[in-house]
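Every number in this text was worked out from the coordinates using simple rules, so none of it is lab data. Worth saying up front: this structure is predicted, and the values here are computed from it rather than measured. As a convention, Cβ positions derive from the backbone with ideal geometry for all residues, glycine included, and neighbour counts pool all protein chains shown.
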Amino acid sequence: MPFIQQTDIVFDFSSIYLQLITEIVVPLILGLLLRRFWSAWAQRQKRYLDIFDKFVILLIIYKSFVQSFEDKIFSNLSLWDMGIMVVLTLLLFYVIYNLTGWLGRILKFNRADQITNQFCGTKKSLVHGTVFSEALFGQTSIVGILILPLMFYHAFQILIVSVIATKKSEQSSKGNITC
């Protein structure tokens, strides 16, 4: 990437694996275990848990960007570089969206499965991307610049899919149910 300055980062893979296990695998397993006992409570508290979930995601991202701003990592990013990043991110979204649509047609999915395949196939996890970036690059300022395209993708995915979903809903109500 032309906007990242060369840096010497030492990779300690054992600490990377440990961090990924403790920050992704252990919470996932705990969540699955707790779901067996607290799923009814969680359903009743869904609104508050969703807010809490979004707040935690926001804190994770905020932490990554604060370090980047403190180290002035974005001062090396020109508007041209940002524009290229946005265009490539949009291109990636449309490639994945069309690829999942094509695969759904090849596999002869029904309409509901076709839509689910395209919407879920373009989805990615901003939290996991941030955790992976921090595990690989530690507390360096480079994490902010690495997750910037991920944040663009996430925003585009939400915006574009919501527009497509609205359009498909209108088509469905008019009887035009093409996918």
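Of THR89, THR116, the sequence from fewest to most neighbouring Cβ atoms within 10 angstrom is THR116, THR89. On full extension of the chain, what length is gained from VAL66 through TYR17, given 0.36 nm per residue of separation minus the C-alpha to C-alpha distance? Fully extending the segment from VAL66 to TYR17 adds 15.2 nm.
With a threshold of 30 Å on the Cα-Cα distance, the over-threshold entries among LYS63/LYS168; LYS46/LYS123; LYS123/LYS167; LYS46/LYS108; LYS54/LYS167; LYS123/LYS174 are LYS63/LYS168; LYS46/LYS108.
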